[in-house]
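Working notes for the structure below.
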Amino acid sequence: MNANLQKAIQMAIDEEFKSNANYKQLAKDAEDQETRLLFEQLAGEEAMHAKKLSERLKNLKMMG
């Protein structure tokens, strides 16, 4: 079960990185400052999610 959980968390991390990149591109392409700031904020949240998931994955791997 631990291997399945690790795989699921890794998949989630990958998706967070994809979302982060998408939001960064949307921010870059935004025509107004308010929209740009929104997408930058969302990109930051995705990066934070990836970090938390990565920490959890590391702990699971250490536990065996």
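Observations
- Criterion (free of Cβ contacts under 8 Å to residues at least 24 places away in the same chain and outside any helix (DSSP H, G or I)) met by exactly one of Glu40, Glu31: Glu31
- Against the test of being surrounded by 15 or more Cβ atoms within 10 Å (Cβ to Cβ) and small (Gly, Ala, Ser), the options Ala21, Ala30, Ala3, Ala8 yield a single qualifying residue, Ala30.
- Scanning segment 57-64 for any residue that is within 10 Å of the chain's Cα centre (by Cα) and modelled with pLDDT of 95 or more turns up nothing.
- Taking segment 1-28 as the range and being among the hydrophobic types (A, V, I, L, M, F, W, C) and part of a helix (DSSP H, G or I) as the test, the residues that pass are Ala3, Leu5, Ala8, Ile9, Met11, Ala12, Ile13, Phe17, Ala21, Leu26, Ala27.
- When Glu45, Glu34, Glu40, Glu15 are checked against the criterion of being touching a Lys or Arg at 6+ places or on another chain (Cβ under 9 Å), of a type outside the set (A, V, I, L, M, F, W, C) and either farther than 30 Å from Gly64 by Cβ or at pLDDT 95 or above (or both), Glu40 stands alone in meeting it.
- Test: Gly64 is surrounded by fewer than 16 Cβ atoms within 10 Å (Cβ to Cβ) and either in contact with a Phe, Trp or Tyr (Cβ under 6 Å, 6 or more places away or on another chain) or on the phi > 0 side of the Ramachandran plot (or both): yes
- Residues that are touching a residue at least 24 places away in the same chain (Cβ under 8 Å) and within 20 Å of Asn2 (Cβ to Cβ), drawn from segment 44-64: Leu53, Ser54, Arg56, Leu57, Leu60, Lys61, Met63, Gly64
- Being hydrophobic (A, V, I, L, M, F, W, C), out of contact with any Leu (no Cβ under 8 Å at 6 or more places or on another chain) and part of a helix (DSSP H, G or I) is a property that Ala47 has.
The values are calculated or read from the model by the stated rules, or taken from the named source; none is laboratory data. None of these values were measured; they are calculated from a predicted model. In this analysis, Cβ positions are derived from the backbone assuming ideal geometry, glycine residues included, and neighbour counts consider all displayed protein chains.
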